[in-house]
Structure formats: structure tokens, C-alpha cells
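Encoded as C-alpha cells, the structure appears first; notes follow it.
Each value in this text was obtained by applying a stated rule to the coordinates, not by laboratory testing. Everything numeric in this text was worked out from a predicted model, so none of it was measured. As a convention, Cβ positions derive from the backbone with ideal geometry for all residues, glycine included, and neighbour counts pool all protein chains shown.
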Amino acid sequence: MADTSDFRNGLIIKFKNDLYTIVEFQHVKPGKGGAFVRSTLKNLRNGKVLDNTFRAGESVEVVRVERRKYQYLYRDGDFLVCMDNDTFEQINVPAEFFGTGVDYLKESEEVEILFNGNEIINVEIPIFVNLKVIETEPGFRGDTATGATKPAKLETGASINVPLFINVDDVLRVDTRVGGYVERVKS
């Protein structure tokens, strides 16, 4: 058991019979009354964020999780098959752990899987990935002042909106959290 003085960003605790990670926290010592800790917690299973206040010194149960790097190999129905980079052992991970960012993962992309013992808690995918455009309308120079966009299909099969100057075979940096265009990496 630990207490609120052990809080740090990224610490995983058991709270209300579920696992939460501490997104941010602040120790508050008002002029009147006892000190407390204001915190923002993110549920590891469903991603919901909640604000909670702990009394200073209140005990919390810290969960030790293991992070392991895996390589995404291929999709198999509702599961994604991943291989441990050290032991080459393959595991099936339910697709819901990957969230909406799974649409932007290419085969052989590296992901981090968080384990509590043998139970998978969460999967962290790269925030930015580079993907090639395989289908879009022809681009035009000089049409960027309006900020207009057009749809483009990426090599993973996902579609995003891109600026008008993007062409087929351009490589784009894509934000997997929102599924949006960030920049053109190379043509």
C-alpha cells in the first residue's frame, strides 16, 4: 500500500475496483482545514477520465504493471496477433484494446502492451505513424489558402481528410489519437 505522497504522473492505482492511471495531480494545502490531493484519473479499461480528491496521506493500492514491446503482425477476426520482440511468442489481443487507432496500424508496427500478471490491461500504439496515400483525387498547387480538404485512402485502408496538394504515393504523418493528417513526410 502507498499513500498520496507517492503520487506521480503515470502511476497506476486500484480505485473503485478498477485500474486507473494518474494523469495529473496537485497537492493543496488550504489555510483552513486539512491538506488534500486533487487528481485526474483515467480508467485503463474504458478510457474515461474522472476527477477525484484524496485526503493527504490517504492509502491507495498501487498496481505494478509490466510493459512489454510487441510487434503487430496481422488481424485475425476480432483479434490482432502480436509477437513479443524478445521471446518471439505470439499472442491474440482483442481489437477493442487498440481503440480507434487500430485503423492506422500497419503490419510490423511496434506497440506496447501493459500486463497485470498475465492479464492484458491496455495497449499503447504509436501516437504518430507514417502511411502512404494509395487513392485520392489529383492535387493542385496554390489551392491551400482556403484550407479545403479532400478524402484520401491510406495503405491500411483507412480514409482521412487531407489538404488539396496531397497526391497518390505521398507519405503522410497521421495522428492515431484523432485519425487526422499532421504533415506530408515525403512524396
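Residues VAL37, VAL185 in ascending order of nearby Cβ atoms (within 10 Å, fewest first): VAL185, VAL37. Taken over the range 128-186, the ratio of Cα radius of gyration to 2.2 N^0.38 Å equals 1.01. When you restrict to C-alpha pairs under 8 Å that are six or more residues apart and normalise by the size of the range 57-118, the relative contact order lands at 42 percent. For the cross-link pairs LYS48/LYS69; LYS14/LYS106; LYS16/LYS106, the ones whose C-alpha atoms lie over 29 Å apart are LYS14/LYS106; LYS16/LYS106. Residue order for MET83, MET1, fewest other beta carbons within 10 angstrom first, comes to MET1, MET83.
Using 0.36 nm times the number of residues separating ALA35 and THR87, minus their current alpha carbon distance, what extension gain do you get?
Answer, rounded to one decimal: 14.0 nm.
Find the percent of Cα-Cα distances in the range 2-62 that exceed 19 Å, and round it to a whole number. Roughly 24 percent, rounded to a whole number.
Just checking my list (i) 0.97; (ii) 1.32; (iii) 1.26 against Cα Rg over 2.2 N^0.38 Å computed from this structure; which label fits? So the structure-derived entry is (ii).
How fast does the range 66-124 diffuse by Stokes-Einstein, in µm²/s, taking the Kirkwood radius from C-alpha pairs at 10 °C and 1.306 mPa s?
The estimated diffusion coefficient comes to 140 µm²/s.
By the count of other C-beta atoms within 10 Å, a proxy for reagent exposure, PHE97, PHE115 are ordered fewest to most as PHE115, PHE97.
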